[in-house]
Ligand SMILES: Nc1ncnc2c1ncn2[C@@H]1O[C@H](COP(=O)(O)OP(=O)(O)OP(=O)(O)O)[C@@H](O)[C@H]1O
Ligand SMILES: [Mg+2]
């Protein structure tokens, strides 16, 4: 029993220590964002990389999720004779919830893992030590542009996901099941509020961008300098980011009502 | 074991202890690298040559002991002080450590942009010169993965040299090079030592070039080091040290017994 408590205590201490380290890393990242040079070229390049990696899967997944929502929503709504509000159901659930969350998960798996693996490989091949010896701060040159790129790209990709999904819902609801096209869009338009829904959705995506950017760069930066270290940091990035996104989603929804 | 103190130590280590888990690499290491001299680190694989260079660069903290570079303490220095110290150092890593997402040109430009804050036309000119010096003309736009092992070594050396540091730390600059290139790199290192007064600390397994270049040798063994001029070590009382430097002095039975086994 005492042994068990002891192990539990150690585990908790370990978690708290990790959180402390992440906080320190976040601090040095934010210091890097504020200190010159700003490296806009590197940031743009990284945004481009994240975008290229994620664009196709975000579009395809968005369309697929939208079509499923269209079908399921229609089948449910028709029981109450309310199939004319299909646009509202599809739009609201996407904008408020599914868009940011699913985009967060997809981008984590695609671009977040790649980011962690790239930095971890640089650790394993002494590239970061090489930078240190040239008096270059690796957080500033390598980690900061990647983290910033994630924060910038996530809302954009989430918006793209939502647009594709609304189109998917249109295809399923209007083209396949025969809901009136004007009704679909007017119910969508009248039920979605810009401040409450759209701005909130972008904010959520922004928070998820911060989460993924921070965890991916932190795990890569602190990985063991071996190939096992690279794979461990990649896996950990996906797992930890995904869980964190889902937990944060609850709290953002509960606290801010988005 | 204790080396006689040198008149002007550029890098100084005192009582350095370092262990990785249960593997004790250094156990009270004392050594000096004199200003403007060429010192070669020798020692078997795993004797701690790379580790010693990383300690001097502040990439690794010792468990105990003091390390001073140009009179500045490395151990326990702040981020800002460490940056000041590293501005005096150039380091070539055993594996090259070139950034693999950047071309050779961009790799060489990094220390000039970030450390010396030079302007682009000057940077371009300096890079041309430096690449020519290591025999890598025309490779500016290649990525590290498009280079051979020996070319990576030379590009890494060029990157370490290009900011003209006071002290150059080189981890095995000659491994994987053909004999002609070895001579060329040797001449280049001797020249920067001569003309810029650069202190060179090299690690090497290449005994012939070591004996040609070195002012002093530092043989790492048993957690400590034996220092001396090449002549002193070639005629050292300890047979293990003589054998390390002079293959002909290896025990005569070694070849014979190998032959009889095969
Ligand atoms: N990060 C590390 N973790 C654990 N052990 C290490 C680490 N780095 C080095 N070592 C150990 O320290 C010893 C010295 O390693 P080092 O790389 O300095 O050897 P070396 O003299 O450069 O060898 P080589 O000539 O093969 O390059 C080795 O026994 C190695 O196992
Ligand atoms: Mg080595």
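The values are calculated or read from the model by the stated rules, or taken from the named source; none is laboratory data. On a predicted model such as this, the values are computed, not experimentally measured, just so you know. Cβ placement follows ideal geometry from the backbone for every residue including glycine, while neighbour counts extend to all protein chains displayed.
Testing residue B:118 on (1) under 19 Å from residue B:203 (Cβ atoms); (2) more than 10 Å from every other protein chain (Cβ to nearest Cβ); (3) part of a loop (DSSP other than H, G, I, E, B), one condition comes back false. Which one is that?
Unmet condition: (1).
Take the conditions within 22 Å of residue B:207 (Cβ to Cβ), in contact (Cβ under 8 Å) with a residue 12 or more places away in the chain and outside any helix (DSSP H, G or I) and apply them to residue B:41. Does it pass? Spell out how you get there, then give the answer.
Details: within 22 Å of residue B:207 (Cβ to Cβ): yes; in contact (Cβ under 8 Å) with a residue 12 or more places away in the chain: yes; outside any helix (DSSP H, G or I): yes.
It is true that residue B:41 is within 22 Å of residue B:207 (Cβ to Cβ), in contact (Cβ under 8 Å) with a residue 12 or more places away in the chain and outside any helix (DSSP H, G or I).
Residues that are part of a helix (DSSP H, G or I), at pLDDT below 80 and out of contact with any helix residue (DSSP H, G or I) (no Cβ under 8 Å at 6 or more places or on another chain): does segment B:223-231 have at least one?
no
Please enumerate the residues belonging to segment A:126-135 that are more than 12 Å from residue B:159 (Cβ to Cβ) and part of a helix (DSSP H, G or I). Please lay out each step first, then the result.
Narrowing segment A:126-135 to residues more than 12 Å from residue B:159 (Cβ to Cβ): A:126, A:128-129, A:132, A:135.
The answer is A:128, A:129, A:132.
If I go through segment B:77-111 residue by residue, how many of them are at pLDDT 90 or above and at positive phi?
1
Kindly provide the set of residues from segment B:153-180 that are within 16 Å of ligand 1 (Cβ to nearest atom) and surrounded by fewer than 19 Cβ atoms within 10 Å (Cβ to Cβ), ordered by number.
B:175, B:176
Would you confirm, using the coordinates I've provided, whether residue B:131 is in contact (Cβ under 8 Å) with a residue 24 or more places away in the chain, in contact with a helix residue (DSSP H, G or I) (Cβ under 7 Å, 6 or more places away or on another chain), buried (at least 16 other Cβ atoms within 10 Å of the Cβ) and more than 10 Å from chain A (Cβ to nearest Cβ)? It would help to see each step written out before you state the result.
On the way: in contact (Cβ under 8 Å) with a residue 24 or more places away in the chain: yes; in contact with a helix residue (DSSP H, G or I) (Cβ under 7 Å, 6 or more places away or on another chain): yes; buried (at least 16 other Cβ atoms within 10 Å of the Cβ): yes; more than 10 Å from chain A (Cβ to nearest Cβ): yes.
In short, yes.
Among the numbered conditions (1) within 11 Å of chain A (Cβ to nearest Cβ); (2) in contact (Cβ under 8 Å) with a residue 24 or more places away in the chain, tell me where residue B:113 comes up short.
(2)
Taking the stated definitions as given, is residue B:43 surrounded by fewer than 21 Cβ atoms within 10 Å (Cβ to Cβ), within 14 Å of ligand 2 (Cβ to nearest atom), modelled with pLDDT of 85 or more and at positive phi? It would help to see each step written out before you state the result.
Values: surrounded by fewer than 21 Cβ atoms within 10 Å (Cβ to Cβ): yes; within 14 Å of ligand 2 (Cβ to nearest atom): yes; modelled with pLDDT of 85 or more: yes; at positive phi: yes.
Considered against the rule, which asks whether it is surrounded by fewer than 21 Cβ atoms within 10 Å (Cβ to Cβ), within 14 Å of ligand 2 (Cβ to nearest atom), modelled with pLDDT of 85 or more and at positive phi, residue B:43 comes out as yes.
Give the residues of segment B:184-207 that are more than 14 Å from every other protein chain (Cβ to nearest Cβ) and either within 16 Å of ligand 1 (Cβ to nearest atom) or free of Cβ contacts under 8 Å to residues at least 12 places away in the same chain (or both), sorted by residue number.
First, the residues of segment B:184-207 that are more than 14 Å from every other protein chain (Cβ to nearest Cβ): B:184-200, B:202-207.
B:187, B:191, B:194, B:195, B:202, B:203, B:204, B:205, B:206, B:207 - these are the residues of segment B:184-207 that are more than 14 Å from every other protein chain (Cβ to nearest Cβ) and either within 16 Å of ligand 1 (Cβ to nearest atom) or free of Cβ contacts under 8 Å to residues at least 12 places away in the same chain (or both).
Quick check on segment B:142-151. Is at least one of its residues within 16 Å of ligand 1 (Cβ to nearest atom), crowded, with 21+ Cβ neighbours inside 10 Å and either at pLDDT 90 or above or away from chain A (no Cβ under 13 Å) (or both)? I'd like the intermediate steps shown before the answer.
To start, the set of residues in segment B:142-151 that are within 16 Å of ligand 1 (Cβ to nearest atom) comprises B:149.
So of that shortlist, the ones also crowded, with 21+ Cβ neighbours inside 10 Å come out as none.
For segment B:142-151, residues within 16 Å of ligand 1 (Cβ to nearest atom), crowded, with 21+ Cβ neighbours inside 10 Å and either at pLDDT 90 or above or away from chain A (no Cβ under 13 Å) (or both): absent.
Do the conditions hold for residue A:123, that is, is it assigned to a helix (DSSP H, G or I) and over 17 Å from the mean Cα position of the chain (by Cα)?
So residue A:123 fits the description; yes.
Does residue A:205 fit the bill of being part of a helix (DSSP H, G or I), touching a helix residue (DSSP H, G or I) at 6+ places or on another chain (Cβ under 9 Å) and within 23 Å of residue A:90 (Cβ to Cβ)? Before you say what the answer is, go through the steps one by one.
Numbers: part of a helix (DSSP H, G or I): yes; touching a helix residue (DSSP H, G or I) at 6+ places or on another chain (Cβ under 9 Å): yes; within 23 Å of residue A:90 (Cβ to Cβ): yes.
Taking the combined requirement at face value, the residue satisfies it.
Has segment B:47-64 got at least one residue that is more than 16 Å from ligand 2 (Cβ to nearest atom), over 30 Å from residue B:142 (Cβ atoms) and either over 21 Å from the mean Cα position of the chain (by Cα) or not in a loop (DSSP other than H, G, I, E, B) (or both)? Walk me through how you get there before you give the answer.
Initial filter on segment B:47-64 (more than 16 Å from ligand 2 (Cβ to nearest atom)): B:58, B:61-64.
Applying the additional criterion that residues be over 30 Å from residue B:142 (Cβ atoms) yields B:58, B:61-64.
Restricting the remaining residues to those that are either over 21 Å from the mean Cα position of the chain (by Cα) or not in a loop (DSSP other than H, G, I, E, B) (or both) gives B:63-64.
Among the residues of segment B:47-64, at least one is more than 16 Å from ligand 2 (Cβ to nearest atom), over 30 Å from residue B:142 (Cβ atoms) and either over 21 Å from the mean Cα position of the chain (by Cα) or not in a loop (DSSP other than H, G, I, E, B) (or both), which makes the answer yes.
Any chance segment B:73-94 includes a residue that's in a strand (DSSP E or B), out of contact with any helix residue (DSSP H, G or I) (no Cβ under 6 Å at 6 or more places or on another chain), away from ligand 2 (no atom under 16 Å from the Cβ) and within 14 Å of chain A (Cβ to nearest Cβ)? If you could, list the steps in order and put the result at the bottom.
If we filter segment B:73-94 for residues that are in a strand (DSSP E or B), which is where we start, we get B:73, B:89-92.
Okay, now just the ones that are also out of contact with any helix residue (DSSP H, G or I) (no Cβ under 6 Å at 6 or more places or on another chain), so B:73, B:89.
Within this subset, residues satisfying the condition of being away from ligand 2 (no atom under 16 Å from the Cβ) are B:73, B:89.
Those left that are additionally within 14 Å of chain A (Cβ to nearest Cβ): B:89.
Checked segment B:73-94: at least one residue is in a strand (DSSP E or B), out of contact with any helix residue (DSSP H, G or I) (no Cβ under 6 Å at 6 or more places or on another chain), away from ligand 2 (no atom under 16 Å from the Cβ) and within 14 Å of chain A (Cβ to nearest Cβ).
Which of the residues belonging to segment B:208-221 are more than 16 Å from ligand 2 (Cβ to nearest atom) and touching a residue at least 40 places away in the same chain (Cβ under 8 Å)?
Residues of segment B:208-221 that are more than 16 Å from ligand 2 (Cβ to nearest atom), as a first pass: B:208-209, B:211-217.
Once the filter is applied, which keeps residues that are more than 16 Å from ligand 2 (Cβ to nearest atom) and touching a residue at least 40 places away in the same chain (Cβ under 8 Å), segment B:208-221 yields B:213, B:214, B:215, B:216, B:217.
Filter segment B:34-46 for residues that are under 9 Å from the mean Cα position of the chain (by Cα) and more than 25 Å from residue B:8 (Cβ to Cβ) and give the result. Talk me through it step by step, then tell me what you get.
Taking segment B:34-46 first, the residues under 9 Å from the mean Cα position of the chain (by Cα) are B:39-41.
Hits for segment B:34-46: nothing passes.
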